[in-house]
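Take a look at the structure set out below.
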């Protein structure tokens, strides 16, 4: 294991940024989100949860896919994709790293989404272990170890040092770039921090949610449960939960005309919206209850049944913090998961 003194972190960032683009949590206007590093920015590794997850790196909120030019009956298709800049994504927490695994299974499955793939392959992910989890965190319920988030490089931080451990070839290559700044040591400090954080995680109110009822065998029973109606009554359909969620992957594709031709783009969408998947004949989910149910059934039953038990929720707690009506996934799990099968 290697380490670097906290007061030298700007040197570390500069060394990485000299070799590759560097994206990490930055504080702007009182909020923390991922952004490009430059001299003078305010880095905030201590922030537990960025407002938005780093999924933007691979699945942007909006992106152009292609352009069209027409002359008479001739149509020219213009590929807008270019070579992706090698990038280091720094400071990713365990829940957000697990979320990338969820997205990988969607966008890298056949047929591969080449837009996502090119960004993913160009990025080295440096994770950061949690040391001060909050009450809204429940990654432990989904089997995620917040003290050892993996990635290409795993880091830990305390009052004095950032500790560094390479896990993959990408991680080893990055380590070689910054090796002059790193020194040996840190095993005992990291082990002590992991033990302390694990004790905190055990005491969090949502750490031991009961997920045993959310299985493919109970699909019909869960789908028809009368509790959905009551839980969804106060839902505003605002989509906040989907836009802060690190695993939501729904998108819309549209064309718009410009003076230079037609641009096709895609952008995030939400299954909580009444016009989601709207077609000429109407919408297959016509009530907010149906849309509410779809969101949580997908995360807890549909997705894991198709992906070897991997849930499409990572317990980051962003929806717990942001839902204006407190209709988050924890409420769904506690309401439906606590019922006994007949």
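Readers should treat all values here as calculations from the given coordinates under stated rules, not as data from a laboratory. Keep in mind that this is a model prediction, so the values were computed, not measured. We place every Cβ from the backbone using ideal geometry, glycine too, and count neighbours over all the protein chains shown.
What relative contact order, as a whole-number percentage, does the stretch 216-337 give when Cα pairs under 8 Å and 6 or more residues apart are counted?
On the way: 132 pairs, mean separation 36.3, N = 122.
This gives 30 percent for the stretch 216-337.
Have a look at the DSSP beta bridges in the stretch 7-106 and tell me what percent are antiparallel, nearest 5. Intermediate results must be reported in sequence, preceding the final value.
Numbers: 13 of 16 bridges.
Approximately 80 percent, going by the DSSP bridge assignments.
At 20 °C and 1.002 mPa s, grab the translational diffusion coefficient of the stretch 30-79 from Stokes-Einstein with a Kirkwood Rh over Cα pairs, rounded to a whole number in µm² per second. Provide the component values of the computation, followed by the final result.
Numbers: Rh = 14.6 Å.
The estimated diffusion coefficient comes to 147 µm²/s.
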So for the chain: antiparallel DSSP bridges make up what percent, rounded to the nearest 5?
80
Give me the number: length gained by fully extending residue 208 to residue 274, i.e. 0.36 nm times residue separation minus the C-alpha to C-alpha distance, one decimal in nm.
20.4 nm
Going by Cα centres, the stretch 246-321 and the stretch 3-33 are how many Å apart?
33
Here, residue 223 and residue 105, labelled 7 Å along Cα→Cβ, have an inter-label distance in nm of 2.0
Global form of the chain, assessed from the alpha-carbon gyration tensor, a/c cut-off 1.5
oblate
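Sorted by average packing, counted as other Cβ atoms within 10 angstrom per residue and highest first, what order do 249-259, 6-16 take? Each step should come with its number before you reach the end.
Values: 249-259: 11.7, 6-16: 15.8.
So the order, starting with the most tightly packed, is 6-16, 249-259.
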At 0.36 nm per residue, minus the direct Cα-Cα distance, what do residue 175 and residue 68 gain on full extension? Give it in nm, one decimal, please.
34.2 nm
For a bin width of 10 Å, list the pair-distance distribution of the stretch 216-337 built from all Cα-Cα distances, rounded to whole %.
12, 40, 33, 10, 4, 1
Determine the calculated [θ] at 222 nm for the chain from helices alone, applying -39500 (n - 2.57) to every DSSP H run no shorter than 4 residues and normalising by the residue count; nearest 500 deg cm²/dmol.
-8500 deg cm²/dmol
Give me the mean projected area, in nm² to one decimal, of the convex hull enclosing the Cα positions of the stretch 184-226.
5.4
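Given a Förster radius of 35 Å and the C-beta distance between residue 21 and residue 198 as r, what FRET efficiency does 1/(1 + (r/R0)^6) yield to the nearest 0.05? Don't skip to the answer; put the middle values down first.
On the way: r = 34 Å, r/R0 = 0.97.
FRET efficiency, residue 21 to residue 198: 0.55.
Order the peptides 324-336, 105-117 from the highest to the lowest mean number of other Cβ atoms within 10 Å of their residues. Walk me through the numbers before you get to the answer.
On the way: 324-336: 17.5, 105-117: 13.8.
Put in order of decreasing packing, that is 324-336, 105-117.
In nm, what is the difference between 0.36 nm times the number of residues separating residue 5 and residue 41 and their Cα-Cα distance? Display every interim value, and only then the final one.
Details: separation 36, 0.36 × 36 = 12.96 nm, distance 1.90 nm.
Additional length available on full extension: 11.1 nm.
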Quick one: give the max-minus-min coordinate of the C-alpha atoms of the stretch 104-245 along each principal axis, largest first, in Å.
61, 42, 31
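Given contacts defined as C-alpha pairs under 8 Å and at least six residues apart, what's the relative contact order of the chain, whole-number percent?
Values: 585 pairs, mean separation 72.4, N = 342.
Contact order relative to length: 21 percent.
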Between the stretch 121-139 and the stretch 181-225, the alpha-carbon center distance in angstrom
12
What does a probe at residue 160 reach in the stretch 168-202, counting residues whose amide N is under 16 Å from the point 7 Å along Cα→Cβ?
183-194
